[in-house]
Amino acid sequence: MFSKDTYIRRRAQLKQLTGNGVIILFGNNEAPCNYPANAYYPFRQDSSFLYYFGAKRDGLIGVIDIDHDTETLIGDDIDIDDIVWYGSVNSVADLAAQAGVAHTAPMKAIQQICDEALKQQRTIHFLPPYRHDTMIQIHDLLGLHPSQQRAAASLTLIQAVVKMRSTKEPQEIAELERAQRIGYEMQTTARRTSRAGLTEKYVGGIIDGTANAHGAKVSFATIFTQHGEIMHGVPTNAVLEDGRLALCDCGGETDEHYCSDHTRTFPVSGRFTQRQREIYSIVEDCHDYVLQVARPGVRYMDVHFAVCRMMTDRLKELGLMKGDTYEAVRAGAHALFLPHGLGHMMGMDVHDMEGLGQIYVGFDEETRPNLEQFGTNALRMGRRLEEGFVVTDEPGIYFIPALIDDWHAKGHCADFLCYDKIETYKDFGGIRIEDDVLITADGCRFLGEQRIPYHIEEIEN
């Protein structure tokens with residue numbers, strides 16, 4: 001946990017931003033894997049609950065009564081049976097004191113709190129639920145069917161939480177730097193371990209073990225694959241082969257639950273072929289270009305499209321695209337090669353606050369998403385950057401056989417795509433390079449003291 005004053009200050013600001021009513025922040029419960037006593041491990045607390053109450057135990061709810069200026073941590077103390085199996089843990093009162101919360105109550109009290117608030121026609125604020133057990137709790141407490149709950153979630157509370165969590169405090173940046181160090185170890189271990197004859201699953205296991213060995217966990221399911229054209233390619237039993245590219249997308253999460261997210265792509269043999277080198281150098285330059293243009297006041301959507309134009313120009317040089325660059329990007333022709341956005345918010349969630357609704361996290365009233373155009377509809381971050389934001393920088397070029405076949409058959413964007421040449425790349429795979437970027441007062445910088453090697457000469461050396 002951070003200092004007690006941190007959580008007191010955060011809740012005070014949340015009350016001010018929300019205005020009135022009762023805020024209910026649901027912590028997570030244990031999630032059974034395949035039978036009740038075999039839960040997913042390690043337990044992961046809800047990030048917004050952590051942000052305001054700091055307690056990492058399951059079975060807790062935070063209640064903030066704005067009108068009466070009271071705060072209560074709801075939860076039951078564990079019994080002797082749990083202590084026998086899992087050891088003693090802090091009482092709910094102890095957890096409350098650590099976060100500067102004056103009041104505690106057993107779990108059964110939450111029903112009375114909600115009943116009285118509803119009877120008095122007071123506003124009850126809650127965030128969109130993403131776990132089904134929480135949905136059941138909300139149904140029992142407020143009478144809202146799970147199908148109604150996302151729509152009924154408090155927009156006022158969502159906007160307040162997004163405003164606060166988007167701008168990282170110095171202590172949060174320090175935690176994110178710690179996460180980068182874990183990510184560095186994960187990626188460099190993957191590179192040292194990989195060689196022809198090993199399986200993707202073997203290397204993937206080493207990557208995950210590296211995170212665990214550094215007192216952390218993975219921040220998301222590790223992607224390690226020779227099929228880099230698959231966005232979320234999980235490790236399989238496929239054997240690594242010389243001549244192919246391996247794509248490793250992984251991250252660590254600190255014990256305070258701040259995340260890193262890095263992608264590196266490298267040749268299994270240690271040496272790029274000429275064709276791999278040509279495509280890789282485009283992604284490399286697009287990745288580095290972000291450092292030149294991302295700064296406070298600039299829309300990340302504009303950075304994304306600037307990268308897309310750079311990529312289009314370079315692909316034209318290789319004979320893979322043609323025509324006017326601006327028109328090609330406007331038509332979405334580049335999305336054949338880059339079907340996702342340049343990046344997303346980073347923090348306590350690897351896609352920070354995505355569960356609150358991406359339209360509130362990555363966009364605002366000025367910058368709206370384009371959900372109609374392929375590729376652009378996957379842009380997760382478009383709004384103007386502010387000092388203290390942390391975003392990912394992750395351009396890529398992918399040759400997806402099924403997508404190429406689909407577009408080619410339809411003649412989609414045929415004025416800008418050289419399909420005959422593209423057909424010869426269907427066995428290529430994909431390349432992505434990703435780092436986490438902190439927006440500073442006058443520009444931006446990559447997080448992490450140690451840069452994971454990604455320049456061609458560094459990889460080959």
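The values are calculated or read from the model by the stated rules, or taken from the named source; none is laboratory data. Everything quoted here is computed from the prediction, not taken from an experiment. Cβ: placed from backbone, ideal geometry, glycine included. Neighbour counts: every protein chain shown. Ligands, DNA and RNA are excluded from the accessible area calculation, which covers all protein heavy atoms including side chains. Shrake-Rupley method; radii C 1.70, N 1.55, O 1.52, S 1.80 Å.
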### Task
Take the stretch 22-43 and flag every residue that is open to solvent by 20 Å² or more (accessible area, probe 1.4 Å), part of a loop (DSSP other than H, G, I, E, B) and modelled with pLDDT of 95 or more.
Asn29
### Query
Are any residues in the stretch 278-304 assigned to a helix (DSSP H, G or I) and among the hydrophobic types (A, V, I, L, M, F, W, C), and if so, which ones?
Ile279, Ile282, Val283, Cys286, Val290, Leu291, Val293, Met301, Val303
### Query
List pairs: first in the stretch 211-237 and under 17 Å from His262 (Cβ atoms), second open to solvent by less than 30 Å² (accessible area, probe 1.4 Å) and of a type in the set (Lys, Arg), Cβ under 8 Å, 6+ apart or cross-chain?
Gly228/Arg432
### Task
Determine, yes or no, whether Ile397 is in a helix (DSSP H, G or I), hydrophobic (A, V, I, L, M, F, W, C) and at negative phi.
no
### Set Tyr398, Tyr360, Tyr326: member being open to solvent by less than 20 Å² (accessible area, probe 1.4 Å) and either hydroxyl-bearing (Ser, Thr, Tyr) or at pLDDT below 95 (or both)
Tyr398
### Message
Quick check on my filter: what residues within the stretch 221-239 are buried (at least 20 other Cβ atoms within 10 Å of the Cβ) and more than 14 Å from Ile431 (Cα to Cα)?
### Response
Thr222, Pro235
### Task
Please name all residue pairs, on different chains or six or more residues apart, with Cβ atoms under 8 Å, provided the first residue is in the stretch 161-185 and is more than 14 Å from Tyr51 (Cβ to Cβ) and the second residue is among the β-branched types (Val, Ile, Thr) and assigned to a helix (DSSP H, G or I).
Ile182/Thr210; Glu185/Thr210
### Query
Which ones in the stretch 90-113 are open to solvent by 60 Å² or more (accessible area, probe 1.4 Å), in a loop (DSSP other than H, G, I, E, B) and more than 23 Å from Thr134 (Cβ to Cβ)?
Ala102
### Query
So Ala196 clears everything in (1) aliphatic (A, V, I, L, M); (2) surrounded by fewer than 19 Cβ atoms within 10 Å (Cβ to Cβ); (3) in contact with a helix residue (DSSP H, G or I) (Cβ under 7 Å, 6 or more places away or on another chain) except one condition, right? Which one?
(3)
### Residue match in the stretch 69-89 (condition: over 26 Å from Gly357 (Cα atoms), touching a strand residue (DSSP E or B) at 6+ places or on another chain (Cβ under 9 Å), open to solvent by 50 Å² or more (accessible area, probe 1.4 Å) and hydrophobic (A, V, I, L, M, F, W, C))
no
### Task
Would you mind telling me which numbered condition in (1) open to solvent by less than 10 Å² (accessible area, probe 1.4 Å); (2) modelled with pLDDT of 95 or more Pro339 fails?
(1)
#### Entry: Which numbered condition Glu386 fails, given (1) open to solvent by 10 Å² or more (accessible area, probe 1.4 Å); (2) touching a Leu at 6+ places or on another chain (Cβ under 8 Å); (3) at pLDDT 95 or above
(2)
### Message
Quick check on Arg150: is it basic (Lys, Arg), under 30 Å from Gly209 (Cβ atoms) and either in a loop (DSSP other than H, G, I, E, B) or open to solvent by 20 Å² or more (accessible area, probe 1.4 Å) (or both)?
### Response
no
## Note on the structure
Taking the stretch 23-37 and keeping only residues that are of a type in the set (A, V, I, L, M) and more than 21 Å from Leu50 (Cα to Cα), one is left with Ala37
### Task
Could you tell me which residue of the stretch 246-270 is farthest from Met353 (Cα to Cα), considering only residues that are in a strand (DSSP E or B) and touching a helix residue (DSSP H, G or I) at 6+ places or on another chain (Cβ under 6 Å)?
Phe266
